[in-house]
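Below is one structure, written out as structure tokens; comments come after it.
The values are calculated or read from the model by the stated rules, or taken from the named source; none is laboratory data. Because the structure is a prediction, the values reported are computed rather than measured. Please note: Cβ atoms are built from the backbone with ideal geometry, for glycine as well, and neighbour counts cover all protein chains shown.
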Amino acid sequence: MKIHRKKLFFGILLAIIVAVAVGFAWHSFRYSDEEILRCTTVIEEQSYDEISIDGKPKLFVGDINSPSSLADATTIKDSLHKNRRFTVGFWINRYPLLPSCRGCIVTAGIDTSPDRITDSTVISLVIGRLKTTFTARRDSLISITDELDYYLRVHDVQDEGFHSISQYAARLRTERQHADSVLSALKQLTDLSQLTIRRRRIYTLLYYSDRKTPHRIVAKLIRRDTRNGLVLLQTADRQTPDGICTVHLLPWRRPITPVVKSVSHPGIAFQPISAHSLHPQHIAGSCRRGRVYGFPKLLVTDGAPLFSANGTFVGIFSNGRLISRRQVSHLFEKEK
């Protein structure tokens with residue numbers, strides 16, 4: 001009889017503990033509208049291509065696939081005009097149910113092309129275009145500057161327009177020096193030279209902890225999921241900033257969610273000059289058979305987190321679809 005009462009007591013105690021745990025989880029993993037805003041971050045991605053000769057970086061191009069970027073190639077990295085675009089991601093815990101963010105962010109809207117190009121055909125095509133572009137530019141600049149120099153020799157400082165012509169000639173000489181420096185780097189190539197092209201990316205997170213001023217923090221790429229187009233980033237110091245909210249990857253199957261909520265950033269599709277003009281706002285849509293409706297591209301980008309009507313994290317928005325939290329968890333499986 002005593003044994004039976006003891007078992008009954010422990011059974012009731014266990015049921016109470018489970019009920020409390022379930023209730024705690026139910027309330028803890030439902031996010032308020034304010035928390036949904038704080039779990040979202042804007043990602044600024046800057047990229048450029050680096051051409052190395054025998055392992056040493058020699059030339060820098062904004063994008064080797066763009067003729068206009070090739071025309072702006074330079075030997076000085078700091079003077080390069082980098083490509084810049086904005087997308088959205090969210091802070092996430094690495095392990096289910098546990099506070100384990102450590103500065104991790106998931107997104108689905110950034111470039112996932114290979115970091116390194118070794119295809120000799122592609123590299124030869126790029127080098128050939130650079131030689132053609134800068135040889136033609138140098139020849140044109142030589143012709144123009146020679147004419148301007150002649151004009152400056154036969155005219156006096158007092159002549160009308162002399163100073164304007166002089167300034168213009170000085171600017172063209174600078175452009176000519178730039179073209180000469182690029183061609184000089186290309187002349188270093190021999191039949192035995194080892195050429196590589198690397199895509200360099202710089203990630204900066206812009207998050208709101210007070211809904212007023214965005215804070216900036218540098219991040220690095222950790223892993224890609226090319227199948228679902230997902231990317232895992234992490235802050236450079238592996239620290240989670242104060243004032244933000246992190247989502248949990250719940251281990252159980254997500255419920256059917258006919259209504260989904262997320263965060264919009266009006267104007268982000270236009271790639272604004274400053275991220276300070278991007279202010280997060282709430283937006284709601286619908287989800288049917290994995291497709292998400294009601295999220296205009298002008299307002300919501302790939303990588304935005306999706307929540308159910310009651311605030312439960314259900315997945316990520318990508319290419320008009322809902323990528324489930326189970327698929328998101330694949331980004332962390334190699335760490336376990």
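Tally the residues that are β-branched (Val, Ile, Thr) and under 22 Å from the mean Cα position of the chain (by Cα), restricting the search to segment 51-80.
The number of residues fulfilling the criteria is 3.
Here is a check on your reading of the model: is residue 170 surrounded by 14 or more Cβ atoms within 10 Å (Cβ to Cβ), at pLDDT 90 or above and small (Gly, Ala, Ser)?
No: the conditions fail for residue 170.
If I ask for residues that are hydroxyl-bearing (Ser, Thr, Tyr) and assigned to a helix (DSSP H, G or I), which ones from segment 116-149 would you list?
Residues satisfying the conditions are 120, 121, 124, 132, 133, 135, 140, 143, 145.
Please pick out the residue among 232, 206, 172 that is more than 23 Å from residue 280 (Cα to Cα) and in contact with a helix residue (DSSP H, G or I) (Cβ under 8 Å, 6 or more places away or on another chain).
Only one candidate passes the filter, namely 172.
Could you tell me whether residue 182 is in contact with a strand residue (DSSP E or B) (Cβ under 6 Å, 6 or more places away or on another chain), touching a residue at least 60 places away in the same chain (Cβ under 8 Å) and of a type in the set (Val, Ile, Thr)?
Here the answer is no, as residue 182 does not meet what is asked.
With the requirement that a residue be touching a residue at least 40 places away in the same chain (Cβ under 8 Å), touching a helix residue (DSSP H, G or I) at 6+ places or on another chain (Cβ under 6 Å) and β-branched (Val, Ile, Thr), what does segment 133-152 give you?
133
Looking only at segment 155-182, count how many residues are part of a helix (DSSP H, G or I), among the hydrophobic types (A, V, I, L, M, F, W, C), over 24 Å from residue 71 (Cα atoms) and out of contact with any Leu (no Cβ under 9 Å at 6 or more places or on another chain).
0
With the requirement that a residue be surrounded by fewer than 16 Cβ atoms within 10 Å (Cβ to Cβ), in contact (Cβ under 8 Å) with a residue 40 or more places away in the chain and either among the polar types (S, T, N, Q) or more than 30 Å from residue 91 (Cα to Cα) (or both), what does segment 102-119 give you?
112, 113, 118
Of all residues in segment 312-335, which are among the small types (Gly, Ala, Ser), out of contact with any helix residue (DSSP H, G or I) (no Cβ under 6 Å at 6 or more places or on another chain) and either crowded, with 20+ Cβ neighbours inside 10 Å or farther than 18 Å from residue 251 by Cβ (or both)?
Listed by number, the residues that qualify are 318, 320.
Please enumerate the residues belonging to segment 304-331 that are more than 14 Å from residue 106 (Cα to Cα), under 17 Å from the mean Cα position of the chain (by Cα) and either among the hydroxyl-bearing types (Ser, Thr, Tyr) or part of a strand (DSSP E or B) (or both).
none
Can you tell which of 152, 192 is at pLDDT below 90, of a type in the set (A, V, I, L, M) and not in a loop (DSSP other than H, G, I, E, B)?
Step by step, each of 152, 192 is checked, and only 152 is at pLDDT below 90, of a type in the set (A, V, I, L, M) and not in a loop (DSSP other than H, G, I, E, B).
At pLDDT below 85, of a type in the set (Ser, Thr, Tyr) and under 23 Å from the mean Cα position of the chain (by Cα): which single residue out of 301, 226 fits that description?
Answer to the selection: 226.
Please enumerate the residues belonging to segment 250-273 that are at pLDDT below 85 and within 22 Å of the chain's Cα centre (by Cα).
Listed by number, the residues that qualify are 265, 266, 267, 268, 269, 270, 271, 272, 273.
Against the conditions (1) closer than 20 Å to residue 315 by Cβ; (2) at pLDDT below 90; (3) not in a loop (DSSP other than H, G, I, E, B), where does residue 86 fall short? Just the number, please.
(1)
Residues are listed down the side, and each one gets a yes or a no for (1) at pLDDT 90 or above; (2) closer than 25 Å to residue 45 by Cβ; (3) not charged (D, E, K, R):
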residue	(1), (2), (3)
103	yes, yes, yes
114	no, yes, yes
122	no, yes, yes
125	yes, no, yes
128	yes, no, yes
133	yes, no, yes
136	yes, no, yes
139	yes, no, no
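Of everything in segment 58-79 that's of a type in the set (A, V, I, L, M, F, W, C) and either without any contact (Cβ under 8 Å) to a residue 60 or more places away in the chain or not in a helix (DSSP H, G or I) (or both), which residue is farthest from residue 196 (Cα to Cα)?
Per the criteria, the residue is 76.
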